[in-house]
Structures are given as C-alpha cells and as structure tokens.
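Input: a single structure, listed below in structure tokens.
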Amino acid sequence: MMSYIDLNYSPSRNDLICLFKVESAKGISLKKAAEAIASESSIGTWTEVKTMKPRIKKLGAKVFEIKGNYVKIAYPFELFEPGNLPQILSSIAGNIFGMKAVKNLRLEDVIFPEKLIKSFKGPKFGIEGIRELLKIYNRPLTGTIIKPKVGLSEKEHAKVAYDAWIGGIDIVKDDENLSNLSFNKFSKRVLETLKMRDKAENETGERKIYMPNITGEIDTMLQRANFVKAAGGEYAMVDIITVGYSALQTLRNANESLSLVLHAHRAGHAAITKNQKHGIAMKVIAKLVRIIGFDQLHVGTIVGKMFESKEEVLENCKVLKEEMFGLKKVMPVASGGLHPLHIPELLKNFGNDVVLQFGGGCHAHPLGTVAGAKAIRQALDAALQKIDLKDYSKIHKELKIALEKWGK
C-alpha cells in the first residue's frame with residue numbers, strides 16, 4: 001500500500017503546506033492518523049484501488065514532519081484549481097475532520113505558494129488605502145456599532161450614527177444581524193444614514209464612514225453593494241462565515257469596478273475556531289480573507305468579551321500584515337466588549353494600525369452617544385500622549401464619567 005509519510009522530503013516552492021494538530025483515535029498511532037489525513041486530503045481512499053496509476057502517485061500529499069502531536073503535510077500545486085478557494089478548502093479542510101482515525105484534528109496554519117496566492121485578487125485598498133480615504137495617518141481609527149443591534153427604525157439608526165460621528169467617531173457600522181428588516185429597510189437606512197454622514201462631515205470637518213451590512217444571497221448582496229455605491233457610500237460590510245467563500249470571491253470580483261472598502265465581520269467563526277483541539281484556527285481564516293481581498297477583519301480584542309488569548313489575537317494581526325507575495329495589508333479590527341478605559345492597553349497590543357470599535361462602550365455612556373464618542377476620542381488622545389486617563393479626565397467631563405461608570 002502506498003505510503004504518504006516521507007520525513008526526508010523537502011517541500012518545493014510550489015507546495016501548499018498545512019500544519020495540523022492531531023489527536024489520533026484510540027488504538028491508532030499518530031503516524032497512522034497522519035497518513036490517513038494526507039491520503040484522504042489528496043489522492044487516496046480507504047483501500048487500494050485498481051485505477052491508481054503510477055503517475056498519479058506523484059500527486060500524493062507527503063507527511064514530512066511530525067513533532068509531538070503537530071504534523072506538517074505538503075501538497076503538490078497540481079492538486080488545486082487556482083482561484084478556486086472552495087476547491088482548495090474541500091481538499092485540505094474537508095473530509096479529514098470526520099475520519100474515524102482522528103479523535104480531534106485542528107488546522108493550525110496554511111502556507112500558500114506564490115502561484116496560488118497570485119491567482120486571487122487580494123485587498124483593493126488595504127491599510128494604506130483606508131488611511132488615504134479617511135485622511136487619518138498617525139492614529140488608530142475609531143468605530144462604533146449601532147446599538148441595539150436591531151429594533152431601531154431607519155431614522156433612529158441614522159440619528160445614532162450622527163451622534164457618534166459628531167462626538168468624534170470615524171466609522172459607524174451596522175451589526176451582523178441587521179439587513180433588510182420590516183422595521184428597518186436596507187435602502188432607506190443607507191440613504192438616511194449617508195445623509196447624516198454628510199451632515200456630520202460638514203459640521204466636524206472630518207471624514208466619516210458608514211458601513212452598511214450587505215450580507216445576503218449573492219445576487220441580493222451584489223445589488224446592495226451597487227446601491228451603496230450609487231448612493232455615495234464608500235464601504236460595505238459582510239458576514240464572511242455565513243455567506244461562504246465563493247460568495248466572497250464573487251463580491252471581490254465585482255468590487256474591481258465598485259471600489260468599496262470591504263469589511264469582514266466574522267460572526268459564526270467560533271463554531272469553527274474556538275475548540276483548541278478541533279476545527280480551524282482563526283489565523284487560517286484571516287489568511288483566507290486577505291487572499292480573497294477584504295480590507296478589514298475582526299481579529300479579537302484580548303481585553304474585551306471575546307475568548308481568544310493575546311497570542312492568538314496577535315497571530316491574527318500578524319498574518320494580516322506580514323509580507324505575502326505583494327498582497328496589501330489588511331486593517332485589523334478590535335471589537336467586542338470594549339469601552340474607553342481599554343484604550344491604553346489596546347494601543348500597547350495593537351499599535352496604530354487598527355480600528356478600535358465600540359458598541360455598548362459608546363452608547364451606554366450615562367450622557368448618551370455623543371458623550372460616549374467624546375470619551376472614546378479623549379481616551380485615545382490621552383493614550384497617544386501617554387497621559388494617564390485619570391489625569392486627563394480632570395479636564396474632560398465625558399472621560400471622567402466613563403471612568404466612573406467602567407472604572408470598577
């Protein structure tokens with residue numbers, strides 16, 4: 001029977017390499033489990049078949065490193081269809097998770113060869129393009145999510161956005177489950193909110209951004225993207241996990257002419273990423289988002305309500321920004337349970353190239369949304385100047401009240 005283990009193999013520059021964390025099933029050795037993974041994810045099946053030609057054997061994946069329960073597998077480039085992410089994932093992250101030979105299996109990382117990466121679009125704007133659009137170059141961007149998530153009418157939604165903008169917030173976005181609902185229609189919401197964006201820009205002299213959630217069936221999503229563009233919008237947000245990778249590729253292709261900044265909300269990712277023994281690491285999803293061509297991605301917060309460790313969040317940021325055969329860098333978004341007092345720690349962890357996004361941490365301010373936005377900008381100004389928030393709050397009322405509310 002053909003062996004898929006070759007610990008002397010040196011991967012070629014065109015191989016795709018996967019790092020798996022493997023827990024083999026009871027009675028199965030780690031080597032046996034690793035070989036089953038390599039077989040099932042490339043050319044093999046559960047038994048020898050008469051149709052296996054000698055030339056086909058050259059396409060077999062190779063287990064080339066086993067360290068503890070971590071296994072590296074190299075896949076020949078010929079196994080993959082360039083530009084087809086669903087097909088690639090059906091190979092390296094498909095049947096293997098359900099095999100009896102493994103008790104638990106986690107795809108920890110994927111190293112894509114240049115030939116595959118070049119078959120995808122990559123980000124259209126990236127960090128530099130986003131900063132050029134907003135004319136903000138030397139600080140993190142501030143954002144808010146309209147709260148409550150759903151329930152507001154179109155005009156109420158637009159008013160909350162306006163209040164955040166005039167308070168100093170740069171970016172306002174819809175939440176993941178707000179689309180085209182009976183009490184808040186998509187087209188009317190976009191028009192009303194963009195009207196308030198223009199008003200806020202005129203009053204503050206700052207660029208302001210609105211991110212409508214265009215998530216939906218792919219034809220609907222494209223129609224919504226076109227509507228946003230025609231209405232004067234510059235951004236669109238998509239729930240990337242629930243719409244699927246083929247839909248993301250279709251949208252990115254259409255965005256060659258639309259030229260919207262694409263924001264990736266990762267709702268649902270934890271069903272895949274949270275189990276440290278089984279599933280797919282968030283850093284892999286981050287790489288996929290960058291390769292497809294989104295410009296911003298939620299990465300976790302470290303200090304907020306999300307589960308990821310500091311190490312995981314920083315790994316997510318790293319793969320969005322490191323050199324990847326010329327792909328533009330993606331802007332990380334820290335979002336989930338944040339309030340103004342988190343900002344100094346956020347700056348330490350993320351640096352300047354990040355969107356700091358606040359929901360309840362803006363709108364739950366005792367004096368309302370405008371004051372909440374002011375407190376966020378005040379905390380950011382203090383942190384950038386390395387001034388203690390308590391000291392800065394002595395002459396900034398909104399920050400002082402935020403400290404009283406969240407300081408405990």
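Just so it is clear, none of the values below were taken in a lab; they were calculated from the coordinates. Remember, predicted model here, so these are calculated numbers, not experimental data. Every residue, glycine as well, gets a Cβ built from its backbone with ideal geometry; the counts of neighbours run over all protein chains shown.
What aspartates and glutamates sit close enough to Lys32 to cross-link, taking a C-alpha to C-alpha distance under 18 Å and skipping anything fewer than 8 places away on the same chain?
Cross-link targets: Asp6, Glu23, Glu40, Glu48, Glu65.
What's the Kirkwood radius of the stretch 77-222 in Å, using all Cα pairs? Walk me through the numbers before you get to the answer.
Values: mean 1/r = 0.0534 Å⁻¹.
Radius from the Kirkwood sum: 18.7 Å.
Give me a comma-separated list of calculated 3J(HN,Hα) values for the stretch 167-178, in order, Karplus coefficients 6.51, -1.76, 1.60 applied at θ = phi - 60°, integers in Hz, x for any Gly or Pro.
x, x, 6, 8, 10, 10, 9, 6, 8, 5, 10, 9
Taking only the alpha-carbon positions of the stretch 234-278 and ignoring solvent, what does the Debye formula give for the base-10 log of I(q)/I(0) at q = 0.27 Å⁻¹?
These q points yield log10 I(q)/I(0) values of -0.96.
Could you give me the percent of Cα pairs per 10 Å distance bin for the stretch 126-176, shortest bin first, beginning at zero and ending with the bin that holds the maximum distance?
23, 46, 25, 6
Taking springs between alpha-carbon atoms closer than 10 angstrom, which of Ile88, Ile285, Ile73 fluctuates most in the Gaussian network model of the chain?
Greatest mean-square fluctuation among the candidates belongs to Ile88.
Evaluate the distance, in nm, between pseudo-label points positioned 7 Å from the Cα of Leu133 and of His278 along their respective Cα→Cβ axes.
Spacing of the two 7 Å Cα→Cβ label points: 3.9 nm.
What shape does the stretch 1-100 take by its C-alpha gyration tensor, where a ≥ b ≥ c are the square roots of the eigenvalues and a/c under 1.5 counts as rounded, a/b above b/c as prolate, and the rest as oblate?
Rounded.
Compute a Gaussian network model of the chain, connecting alpha carbons closer than 10 Å, and tell me which residue from Ile56, Ile166, Ile272 fluctuates the most.
Ile56
Amide H to amide H, which residues 5 or more places from Glu65 or on other chains are under 5 Å from it, using H placed in the peptide plane?
Placed amide hydrogens put Lys72 under 5 Å from Glu65.
With springs only between Cα atoms under 10 Å apart, run a GNM on the chain and tell me which of Met211, Met237, Met324 wobbles the most.
For the chain, modelled as a Gaussian network with Cα springs under 10 Å, the answer is Met324.
Stokes-Einstein at 37 °C, 0.692 mPa s, Kirkwood radius from Cα pairs: D for the stretch 90-154 in µm² s⁻¹?
189 µm²/s
First measure r as the distance between the Cβ atoms of Ser182 and Glu23, then evaluate 1/(1 + (r/R0)^6) with R0 = 30 Å and state the FRET efficiency to the nearest 0.05.
0.05
5 Å is the cut-off here: which amide hydrogens, built 1.01 Å from N in the peptide plane, fall below it relative to Val333, excluding neighbours closer than 5 in sequence?
The list, which skips near neighbours in sequence, is Leu297, His298, Val299, Val355.
Tell me which of Leu403, Leu194, Ile37 sits at the most positive position along the dipole axis of the chain, charges placed on C-beta atoms (Lys, Arg +1; Asp, Glu -1).
With unit charges placed on the Cβ atoms, the residue in question is Ile37.
Residue separation times 0.36 nm, minus the C-alpha to C-alpha distance between Ser90 and Phe307: what's the value?
My answer for the length gained is 75.4 nm.
At 0.36 nm per residue, minus the direct Cα-Cα distance, what do Glu81 and Asn8 gain on full extension? Give it in nm, one decimal, please.
So the extension gain works out to 23.6 nm.
Given Lys124/Lys149; Lys199/Lys229; Lys229/Lys328; Lys21/Lys318; Lys277/Lys305; Lys155/Lys321, which pairs have Cα atoms separated by over 27 Å?
Long pairs (Cα-Cα over 27 Å): Lys124/Lys149; Lys155/Lys321.
Can you compute the charge dipole magnitude of the stretch 126-406 about its Cα centre, using +1 on each Lys and Arg Cβ and -1 on each Asp and Glu Cβ, nothing else charged? Give it in debye, rounded to the nearest 20.
Roughly 320 debye, rounded to the nearest 20.
With no solvent and one equal point scatterer placed on each C-alpha of the chain, evaluate the Debye formula and give log10 I(q)/I(0) for q = 0.06, 0.09 Å⁻¹, two decimals.
-0.28, -0.59
Measuring from label point to label point, each 7 Å out along Cα→Cβ, what is the Asp391 to Ile66 span in nm?
5.9 nm
Mind listing the phi-derived Karplus ³J(HN,Hα) values for the stretch 201-210, rounded to whole Hz, using 6.51, -1.76 and 1.60 with θ = phi - 60°, and x for any glycine or proline?
Values per residue, Gly and Pro as x: 5, 5, 7, 9, x, 10, 5, 10, 10, 10 Hz.
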